[in-house]
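Read-outs throughout are calculated quantities, based only on the coordinates presented, and are distinct from any laboratory measurement. In this text, all values refer to a predicted model and were calculated from it rather than measured experimentally. Don't worry about glycine lacking a Cβ; one is built from the backbone with ideal geometry, like all the others, and counts go over all protein chains shown.
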């Protein structure tokens, strides 16, 4: 084998690894990385905590409005741990709410929603019923709804 053949073989052998590495570096950061980045942007004096003044100065009205709820230890500062704890709590509340909505819509309590149950109890999910019904069994399971976005369909149980 001559030198050019060896180089060409090496380049071809390494090309998939290089493409994979490029794709990995271009991948969007995960939620905790995005939250850490946001926290650092809001922490204008870089002391590792957020104060209500920092949030208001940065125009972070939504976070500033919920400052007292985020500040679990009531020390006048919000840490990254407190932000993570608040997110974890909120996610658990959302999951519980979604489960309650599903249960209220599941009139025959069989653990899945027929198209009729979805139409009556979760109308936005019903509009996408055929797409959400991944296994095409004519029923929506909690797993199918979670896979489609964690129950973020804006539906409220019918009353």
Exercise for review: Evaluate the Debye formula for region 65-127 with equal point scatterers sitting on the alpha carbons, no solvent, and hand back log10 of I(q)/I(0) at q = 0.12, 0.13, 0.22, 0.26 Å⁻¹, in q order, two decimals.
Suggested key: -0.49, -0.53, -0.81, -1.01
Practice item. Among 78, 49, 63, rank each residue by its count of other Cβ atoms within 10 Å, from fewest to most, as a rough exposure measure. Key: 49, 63, 78
Study note, to complete from the structure: For region 97-147, the Debye formula with one identical point scatterer on each Cα and no solvent gives log10 I(q)/I(0) at q = 0.15, 0.17, 0.19 Å⁻¹ as -0.30, -0.39, -0.49
**Study point:** Kirkwood-type radius of region 29-159, with distances r between different C-alpha atoms, in Å
**Key:** 17.1
